[in-house]
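These notes are about the structure you will find just below.
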Amino acid sequence: MKKLIAILFLFAALGSIAQENIYLRGFVYDKDASNAPLGTAAIQLKNTQLGGLTEDNGYFEIPIPKLNLRDSLKVSFVGYLPQSLSITNYKDGDTLRITLASVIETKAEAVITSYNARGVLIKAIDNLKKNLYTDSVIQTGFYRQYHKENGTYVRLIEADVNVVFNIKSPYKYSFHELMQVNKQRRSENYERNVDAMNHGDHLADLLKENPFSYNKGTFMNQKMIDFFAPKFESEDSVQYIIKTQYKESSSAKLEQARIWVEKETFAVLRIEVQKYPNPYYVKSRYANSSIWKLVNETDIVELEKVNGKLFVSALSRTYNHHVVNPKTGEVDFIVEETFDLNFDEYETDGVGALVQNGKYSEFSELYLGKYKYNSNFWDEYNGLDNYPLKSEIKTDLEHAKKLETQFVEAGK
């Protein structure tokens, strides 16, 4: 019996040692700048998610289990040669001093700097304020929304809209934009799923939840980048395409993103985010249940340069839901909805007066607002030529009557 107690105490002691933490401390310096401190250098224990960034003075302090002292430490910074070093002999109270040398190669008077994907993304975030237009602007564009139910298109909404962006920072392409619907038209509604009739304002949602601003707390945040493991997917002479992926078990979504970055200016040109159900996620018994089960979602934002500054030029959102019968648990409907907004005109002068004289609101009321169909406007509208309607949408919606007739009848 005494031997058994002794063994149990031994295991308890070993468990205590395995769980004991230690603070890993140190400084990172720039070898090519007289050992000046390097802020925001990445510190990471290899083969783990443990790590962080250095402060402005180059200092880092990371709590880690003592067990991880057997792992090597990787220190990196964009444009510098990464350092890997053993921390096996590190003791509590020690201070590491690490120097990084820049990767610069001179050939025929040209300076070539090597960047990794993480460094490109950090530089792109740093350059947001420089590359983006950051003042009030009214953007005019063509909005199209179409729904599919069990593989068949059942509804179409199109509108010419104005959107006011009051951009005080690079991330304010979101939240409480004002909008004005100039002209609109709607097809008949062939949705059979009763629950699908209760639509929100999808235009407002598209503006609010666009991936440019919606991810300011995720892969568009320098301090969060390492959790998304950025990697180069491809590149050409003009741009990088960076891929990120996040599989945190506490999140209900598995999120994957692609970011297009211009090489010359490190400007973000496009962001594409895909969200899927996360196989690692275990639902809490207190979580709300819903008959709407998200299968996948894709959100896209594109930017274009106007007079040397970048503006959001297009937004798109598509999601696919399985609608579950609450009694049988079987899938009754597969619902897919797509929302596209493409901007063609930008007005930056006299924005305040234009808003005051217009009919702007935080909501579009595209489902509810009555309208009078203007055939002359739509016959001459360039958006229909620039963004042609898919032939299969037209075919599905015209099984009873022509779309032109539906637009007129809905707009009486």
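The values are calculated or read from the model by the stated rules, or taken from the named source; none is laboratory data. Just so you know, these numbers come straight off a predicted model, no measurement behind them. Cβ coordinates were reconstructed from backbone atoms using ideal geometry, including for glycine residues, and neighbour counts include every protein chain displayed.
Quick notes on this one:
- Residues of segment 244-260 that turn out to be in contact (Cβ under 8 Å) with a residue 24 or more places away in the chain and within 14 Å of the chain's Cα centre (by Cα), as a count: 8
- Check on Asp396, farther than 27 Å from Pro211 by Cα and assigned to a strand (DSSP E or B): no
- Scanning segment 177-229 for residues that are more than 23 Å from the chain's Cα centre (by Cα) and free of Cβ contacts under 8 Å to residues at least 12 places away in the same chain gives Val194, Met197, Asn198.
- Annotation: Thr40 fulfils all but one of (1) surrounded by 19 or more Cβ atoms within 10 Å (Cβ to Cβ); (2) within 17 Å of Asn116 (Cβ to Cβ); (3) of a type in the set (Ser, Thr, Tyr); the unmet one is (1).
- Residue satisfying condition, being in contact (Cβ under 8 Å) with a residue 60 or more places away in the chain, surrounded by fewer than 17 Cβ atoms within 10 Å (Cβ to Cβ) and small (Gly, Ala, Ser), within set Gly350, Gly383, Gly369: Gly369
- Pairs, first in a helix (DSSP H, G or I) in segment 61-76, second surrounded by 15 or more Cβ atoms within 10 Å (Cβ to Cβ), C-beta under 7 Å, six or more apart: Lys66/Ile22; Asn68/Leu45; Asn68/Leu50; Leu69/Ile87; Leu69/Tyr90
- Test: residue in segment 330-353 that is closer than 22 Å to Lys183 by Cβ and at pLDDT below 90: yes
- Residue within segment 354-366 that is among the hydrophobic types (A, V, I, L, M, F, W, C), at pLDDT 90 or above and surrounded by 13 or more Cβ atoms within 10 Å (Cβ to Cβ) present: yes
- In segment 153-180, residue farthest from His322 (Cα to Cα) [restricted to those that are modelled with pLDDT under 95 and among the hydroxyl-bearing types (Ser, Thr, Tyr)]: Ser169
- Test: residue in segment 21-28 that is of a type outside the set (Lys, Arg), closer than 23 Å to Phe228 by Cβ and either modelled with pLDDT under 80 or not assigned by TED's automatic domain parsing to the domain that holds Ile225 (or both): yes
- Remark: Ser290 matches the filter, which requires a residue to be without any contact (Cβ under 8 Å) to a residue 24 or more places away in the chain and surrounded by fewer than 16 Cβ atoms within 10 Å (Cβ to Cβ).
- Residue check: Ile241 meets all listed conditions (1) under 26 Å from Ile43 (Cβ atoms); (2) not in a loop (DSSP other than H, G, I, E, B); (3) not acidic (Asp, Glu) but one, namely (1).
- Residues located in segment 30-60, provided they are in contact with a Gly (Cβ under 6 Å, 6 or more places away or on another chain), in contact (Cβ under 8 Å) with a residue 60 or more places away in the chain and either farther than 18 Å from Phe77 by Cβ or part of a strand (DSSP E or B) (or both): Gln44
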